[in-house]
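Below: the structure, in structure tokens.
Each value in this text was obtained by applying a stated rule to the coordinates, not by laboratory testing. Treat the numbers as computed from the prediction; the structure is a model and nothing was measured. Virtual Cβ from ideal backbone geometry, glycine too; neighbours counted across all protein chains shown.
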Amino acid sequence: QTLYDEPADREVARFVGAPEINLVPAEIGPGGGVRLAGGLLPMPEKFMPLLASEACAIEAGIRPEDLVLAPVDGAALSGVVTDIEPLGASAAISVEAGDVELRLVVPVAATASITPGLAVGLSVATGRMHAFDPKTGARLA
């Protein structure tokens, strides 16, 4: 479980868990908050040591189960459904948000009203996000 919750680097994070972790170019701003996929997320507490006087580039790691469909209005992130992949009792939904594709997992019953092309909002469990060095892949937070 430790490998999953606190991967040493981006490669370990990719290897552990299915569907694979979402790795997204992101930026931590000096005023707080994490910019990614065309949105601004609240700053996770564990990212606070990364704050600097200038913007800091990171690669954010978001597990598919840490993304939840939400109404488009007021959502931190929004995008368009591009694919639905049945996985048995659950389904992986791909959403194009900003310039990245994010995958999330939902119960298969929740996919009845979801179709490719549908605009959706996304909520993120920011406290479970990971920060990786975009060059070395080492976990920063």
Practice problem: Report the convex hull volume per residue for the chain, counting only C-alpha atoms, in Å³. | Solution: 103
Quiz item: Val80 versus Ala8, label points 7 Å from Cα toward the beta carbon: distance in nm?
Solution: 4.2
Quiz item: Which value at 222 nm does the chain reach when only helices count, each DSSP H run of 4 or more adding -39,500 (n - 2.57), with the total divided by all residues and rounded to the nearest 500 deg cm²/dmol?
Solution: -1500 deg cm²/dmol
Exercise. Over all directions, average the projected area of the Cα convex hull of the stretch 74-141 and note it in nm².
Key: 5.9
Quiz item: Hey, rough spin-label estimate for Ala70 and Thr136, points 7 angstrom out along Cα→Cβ, what's it come to in nanometres?
Solution: 3.3
Practice problem: Determine which residues of the stretch 22-38 fall in the zone a paramagnetic label at Glu54 would reach in this model, i.e. backbone nitrogen under 14 Å from the point 7 Å along Cα→Cβ. | Solution: 28-30
Practice problem: Give the span of the stretch 22-93's Cα atoms along each principal axis, as three whole-Å numbers ordered largest to smallest. | Solution: 46, 24, 19
Quiz item: Taking the highest mean first, how do the peptides 6-13, 113-120 order by number of other beta carbon atoms within 10 angstrom per residue?
Solution: 6-13, 113-120
Quiz item: Using the Cβ atoms and a cut-off under 15 Å, what net charge is assigned to the surroundings of Glu11, where Lys and Arg are +1 and Asp and Glu are -1?
Solution: -1
Quiz item: Per-residue HN-Hα couplings for the stretch 122-134, Karplus 6.51 cos²θ - 1.76 cosθ + 1.60 at θ = phi - 60°, whole Hz, x for Gly and Pro?
Solution: 10, 9, 10, 6, 4, x, 9, 5, 10, 10, 10, 5, x
